[in-house]
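Quick notes on the structure that follows.
The values are calculated or read from the model by the stated rules, or taken from the named source; none is laboratory data. What you are looking at is a predicted structure, and each value in this text was computed from that prediction instead of being measured. Using ideal geometry, Cβ is built from the backbone for each residue, glycine included, and neighbour counts are taken over all protein chains shown. Accessible surface is based on the protein model in full, side chains and every heavy atom, while ligands, DNA and RNA are left aside. Shrake-Rupley method; radii C 1.70, N 1.55, O 1.52, S 1.80 Å.
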Amino acid sequence: VRLYGNMFAGHMVLGIFALASSVFLTCGIQALDPISGVLSLPWFLLLIAMTLGGILEGTGALGVVVDRMTRSVTSPGGLILATLVSCYLMTIGTGNGMLSIVPARAFEKKFRDMGIQSRVLSRTLEDAVTLGIALVPYSMAAFFIVGVLKIDAMQYIPYAFVNWIVPIFSLTYG
């Protein structure tokens with residue numbers, strides 16, 4: 001506990017913020033240099049989001065939420081819908097695709113109890129998280145897309161047809 005107290009005593013936190021926002025490494029390829037910052041702000045946001053996910057999982061708060069969401073679920077389609085909703089909420093709340101997979105660990109038991117193969121859970125996560133994260137304008141995926149296409153996130157989101165349609169198929173086949 002003392003270590004954390006010293007770490008966050010004041011200047012350490014300011015130093016982390018300064019490091020995250022000022023150090024920008026380049027890869028040497030002129031076309032990629034504007035988007036290749038290893039320690040740029042999006043990476044710092046990723047660190048914060050991963051910390052939040054660890055706190056939610058470690059305290060058991062996420063398990064309680066998932067348990068409440070799945071109490072009334074009686075069909076495979078309902079379980080897939082609950083999984084999609086929880087992943088989208090986590091994605092929107094954190095802007096992080098990797099962190100949105102955290103609810104899957106809580107849903108894994110419910111999938112087993114209903115006799116649904118784990119590959120269905122995996123596919124549902126793929127549909128919600130991997131494709132859905134690009135629709136969140138403040139996510140790492142959106143930062144990358146904006147950097148590559150040089151357009152605002154709200155300009156490409158309406159045209160991301162696959163990202164919108166695939167979760168509908170998940171529900172249909174669930």
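In the range 76-161, the portion of solvent-accessible area held by carbon and sulfur atoms comes to 66 percent [1.4 Å probe, whole percent, DNA, RNA and ligands not counted]. Over the range 58-153, accessible surface divided per residue gives 51 Å², non-protein components excluded, 1.4 Å probe. Note on Glu57 and Ser122: the extension gain reaches 21.5 nm, defined as 0.36 nm multiplied by sequence separation minus the Cα-Cα distance. Taking label positions 7 Å along the Cα-Cβ direction at both Ile168 and Leu149, the computed distance is 1.9 nm, reported to one decimal.
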